[in-house]
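What follows is a set of notes on a single structure, which appears directly below.
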Amino acid sequence: MDFFNFDGKLLEKAEMAERKLLETFYRIEKNCRHNSEKVLKAFIDNNVSDMHLKGTTGYGYGDDGRDKADRVFADITDAEDALVRYNFVNGTHAISTMLFGILRPGDLMLSATGAPYDTLEQVISGDKGGSLKEFGVKFEQIDLLDDGKPDFEEIKKRAKSAKLVYIQRSRGYSLRPSLNVSVIMEICEAVREAGSNAVIAVDNCYGEFCEYVEPTSVGADIIAGSLIKNPGGGICSTGGYIAGKRDLVELCANRLTTVGTGKEVGCSLGMQNRELFMGIYYAPLAVSNALKTAAFASAFYEGLGFEAFPNSEKYRTDIITSIKLGSSERLIAFCEGIQAYSPVDSTAAPEPWDMPGYSCQVIMAAGCFTMGSSIELSADAPLREPYAVWLQGGTSYYSAKAAVVGAAQRLLDKNLLTL
């Protein structure tokens, strides 16, 4: 990092943090190797060829590349079927399509992981028009315990009356731990022990390829997420996915397009299929770099006296690190630093704004090649207590590491950090 003239004490702290993480980095590399081989096998088993990289126009009937991508993704996630589409505008859209595809008026959606994140709350019970509540779908939640773990006894009591049990794998704008696949399996077992036939649906955002298997391998019926997060590998320029049991995926496809056409329509214009396959192929490596970035950020800022979630000792099940900065001034300066050491729009100054779907102002730093990409390095936060920032991504570990140190340099320059 000789190019940036960082303070020498910050560089010493960075070196100490990296030395502390040798065992953690080894574990991340081992996970990357496993998932890279799993992805490669799915490509080979499904005989992906050059013809599948081409796009189609119009209705998209017979788009073999699109259909092949569905089969590859289904194999990777151990699902019966998948719906991998650029039609999805973001992860919330994919999750919304999943919920509207499965739930009907009078059904109960039960969240086993407390309150959903801000924008999904609008989908469930918002007053903007067209929410699940407006269509007569009921919603209840089971709050997590004080240690961030699910309340399994309460899940067993209430799951039988639900049509859909919802699990949010990552933390949203909270400081609770993300859920590892083993905990998701325990939730699934608790639902079935209760004698419930509810559909178990997982918001899988930020967790893909962080462990050896996905929730559909351990009892979840269906999962959904975004292609500009983990599974797009920093290459997909938009899109999302749904994967799970075949009948459920078909219901979701009918919601995304029309009843009767479902998965059979939707063209892949231009080079979309090529991007899609490349993104999935490189995703395990991109996630590996993002996990290293997250672990480094935790260790580095702990060394500077801040509290990080999860801390540097914890096993990571998603790509996010939260750092409690303690004031709005530090929060804004941190985001300015991440933006200043980004490859795109490094001269931009992020400012808090009234972001649609959120109840308070939000600040975002994302000097990314794809706008809003969360697998590339980005940082965002609502301007509210405890003034924590959520840092995610980092497809290039060494570049992301420089940005993480650069954010501390910005705090130092503004007299918001003492070494």
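The values are calculated or read from the model by the stated rules, or taken from the named source; none is laboratory data. Because the structure is predicted, anything quoted here is derived from the model rather than measured. Reconstructed Cβ throughout: ideal geometry from the backbone, glycine too, with neighbour counts over all protein chains shown.
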Only one of 47, 31 is more than 17 Å from residue 241 (Cβ to Cβ) and part of a helix (DSSP H, G or I). Can you tell me which? 31
Considering residues of segment 366-387 that are at pLDDT 95 or above and among the aliphatic types (A, V, I, L, M) only, the residue surrounded by the fewest Cβ atoms within 10 Å (Cβ to Cβ): 379
Taking segment 103-119 and keeping residues surrounded by 22 or more Cβ atoms within 10 Å (Cβ to Cβ) and within 19 Å of residue 255 (Cα to Cα) leaves 103, 109
Here the residues within segment 75-88 that are out of contact with any strand residue (DSSP E or B) (no Cβ under 6 Å at 6 or more places or on another chain) and modelled with pLDDT of 95 or more are 75, 76, 78, 80, 81, 85
Can you tell me which residue is farthest from the chain's Cα centre (by Cα) among those in segment 166-189 that are outside any loop (DSSP other than H, G, I, E, B) and not hydrophobic (A, V, I, L, M, F, W, C)? 189
Scan of segment 122-165 for residues that are in a helix (DSSP H, G or I), free of Cβ contacts under 8 Å to residues at least 40 places away in the same chain and surrounded by fewer than 18 Cβ atoms within 10 Å (Cβ to Cβ), ordered by number: 125, 153, 154, 156, 157, 160
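Look through 7, 63 and report the one residue that is buried (at least 19 other Cβ atoms within 10 Å of the Cβ), of a type in the set (Asp, Glu) and touching a residue at least 40 places away in the same chain (Cβ under 8 Å).
Just a single option satisfies the conditions, and that option is 63.
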Unique match (being more than 17 Å from residue 319 (Cβ to Cβ) and either surrounded by 18 or more Cβ atoms within 10 Å (Cβ to Cβ) or touching a Gly at 6+ places or on another chain (Cβ under 8 Å) (or both)) among 176, 171, 192: 192
Those residues that are crowded, with 16+ Cβ neighbours inside 10 Å and farther than 15 Å from residue 398 by Cα, I need them from segment 18-35; list them, please. 20, 24, 28, 31, 32, 35
Single match in 248, 227 (criterion: more than 15 Å from the chain's Cα centre (by Cα) and either under 24 Å from residue 40 (Cα atoms) or assigned by TED's automatic domain parsing to the domain that holds residue 98 (or both)): 248
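Would you point out which residue out of 337, 372 is out of contact with any Ser or Thr (no Cβ under 7 Å at 6 or more places or on another chain) and either basic (Lys, Arg) or outside any loop (DSSP other than H, G, I, E, B) (or both)?
After ruling out the rest, the residue left standing is 337.
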Go through the residues of segment 290-297 one by one and say whether even a single one is within 19 Å of the chain's Cα centre (by Cα), assigned to a helix (DSSP H, G or I) and surrounded by fewer than 24 Cβ atoms within 10 Å (Cβ to Cβ). no
Residue pairs, Cβ under 9 Å, 6 or more apart or interchain, first in segment 189-215 and over 19 Å from residue 179 (Cα atoms), second in a loop (DSSP other than H, G, I, E, B) and of a type in the set (A, V, I, L, M). List them. 196/162; 198/162
